[in-house]
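The values are calculated or read from the model by the stated rules, or taken from the named source; none is laboratory data. Values in this document were obtained by computation on a predicted structure and should not be read as measured data. In this analysis, Cβ positions are derived from the backbone assuming ideal geometry, glycine residues included, and neighbour counts consider all displayed protein chains.
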Amino acid sequence: VKLSFTRIHSRGTGAGGTIVVLQDVTEQEKLELSRREFVANVSHELRTPLTTIKSYLEALEDGAIEEPQLAHKFVGVTRNETERMIRLVNDLLQLSRLDSKQVTISKEPTDVAEMLDEVVDRFSVQMLQRQIDIRVEVDHALGVMMLDRDRIDQVLDNLVSNAVKYTGEGGSISLRAAVQDAKWVEVTVQDNGIGIPKKDLNRIFDRFYRVDKARSRSMGGTGLGLSIAREIVKAHGGTIMLESELNQGTKVVFTLPYQMEENAAV
Ligand code: ADP
């Protein structure tokens, strides 16, 4: 807390005194610090792929371009890095829209079971390659509900993609949706993968926070997936939480207000 004093004199009238201003600078400082940290992170995340691209282009220029096999490999690397940068910039743009409340949530009647089946379809090739087994369980009571399909798809894609990335070959993932107290729909994405150490759990939703930066990068991650998921769920009026045990697995649960089609006229 900052204190500042200003003496005021008022000649002639005899009035005067002191104004004391109490200002909470700690919150302000914290905000400024996290803003600076964010800018530093963004710069670093962009500089890394750019440096890689530059060095591969230089190698091509220095002669690798004459060797078709090598040239092919180097072009592949620069393309991968470019794609990662595009993903990063898209994620950042989306976060900034969510932050400035420019995102309107447009809910539409959605068949939850069908939505979950389609997420599984999108990851089926990846899961087959790594022999990961996935199970989907949907509450019978849960039919069609109102939600922003594109955005909830994105939440599911981020969570399932993490479950796949951080689960070893032969692991299993489960996707569940259930109604709670007729008011909430609870969606769970659970895996039996590498898990997260206890000390990292409270920062896991922070932007760019990763348990293992190198591992996340090599998997193509941007470190923004969970932050985006949280913002989208919040914009729906829901909550999200993560539980994890190192070497046992991870469970992410998010809730959405259960608004059925019949009473969703508002
Ligand atoms: P990333 O792009 O790195 O996956 P996220 O924001 O989606 O970024 O996740 C942040 C970090 O949380 C990851 O880097 C990883 O360390 C950890 N994490 C997320 N989901 C899981 C999971 N299912 N199992 C193990 N670790 C996870």
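Inspect all residues belonging to the stretch 68-81 and state whether any of them is within 16 Å of Gly221 (Cα to Cα), at pLDDT 90 or above and in contact with a Pro (Cβ under 8 Å, 6 or more places away or on another chain).
yes
Considering only residues of the stretch 49-88 that are β-branched (Val, Ile, Thr) and out of contact with any helix residue (DSSP H, G or I) (no Cβ under 8 Å at 6 or more places or on another chain), which is nearest to Ile228 (Cα to Cα)?
Here the residue is Ile86.
At pLDDT below 95 and either more than 16 Å from the chain's Cα centre (by Cα) or closer than 23 Å to Glu37 by Cβ (or both): is that true of Gly249 in this structure?
For Gly249, the condition - at pLDDT below 95 and either more than 16 Å from the chain's Cα centre (by Cα) or closer than 23 Å to Glu37 by Cβ (or both) - is not met.
I'd like the full set of residues that are within 23 Å of Thr82 (Cβ to Cβ), part of a loop (DSSP other than H, G, I, E, B) and within 6 Å of the ligand (Cβ to nearest atom), limited to the stretch 210-234.
Arg210, Gly221, Thr222, Gly223, Leu224
Please tell me if Ser55 is loosely packed, with under 14 Cβ neighbours inside 10 Å and closer than 30 Å to Val155 by Cβ.
When the stated conditions are applied, Ser55 does not pass them.
May I ask you to list the residues in the stretch 235-247 that are in a strand (DSSP E or B), over 19 Å from Val164 (Cβ atoms) and not hydrophobic (A, V, I, L, M, F, W, C)?
Thr239
Is the stretch 25-44 home to any residue that is among the β-branched types (Val, Ile, Thr) and assigned to a strand (DSSP E or B)?
No, the stretch 25-44 contains no residue that is among the β-branched types (Val, Ile, Thr) and assigned to a strand (DSSP E or B).
With the condition kept exactly as written, say whether any residue in the stretch 202-218 is surrounded by 14 or more Cβ atoms within 10 Å (Cβ to Cβ), at pLDDT 95 or above and of a type outside the set (D, E, K, R).
Yes, the conditions are met somewhere in the stretch 202-218.
Residue pairs, Cβ under 8 Å, 6 or more apart or interchain, first in the stretch 44-64 and touching a residue at least 60 places away in the same chain (Cβ under 8 Å) and of a type outside the set (Ser, Thr, Tyr), second part of a helix (DSSP H, G or I) and surrounded by 11 or more Cβ atoms within 10 Å (Cβ to Cβ). List them.
The qualifying pairs are Glu45/Leu88.
Given the criterion surrounded by 15 or more Cβ atoms within 10 Å (Cβ to Cβ) and over 30 Å from Phe5 (Cα atoms), identify the matching residue among Leu60, Leu50.
Leu60 is the lone residue from the list that is surrounded by 15 or more Cβ atoms within 10 Å (Cβ to Cβ) and over 30 Å from Phe5 (Cα atoms).
Within the bounds of the stretch 120-127, is there any residue that is modelled with pLDDT of 95 or more, of a type in the set (A, V, I, L, M) and loosely packed, with under 12 Cβ neighbours inside 10 Å?
Scanning the stretch 120-127 turns up at least one residue that is modelled with pLDDT of 95 or more, of a type in the set (A, V, I, L, M) and loosely packed, with under 12 Cβ neighbours inside 10 Å.
Here is a check on your reading of the model: is Ser55 within 23 Å of Phe205 (Cβ to Cβ) and small (Gly, Ala, Ser)?
no
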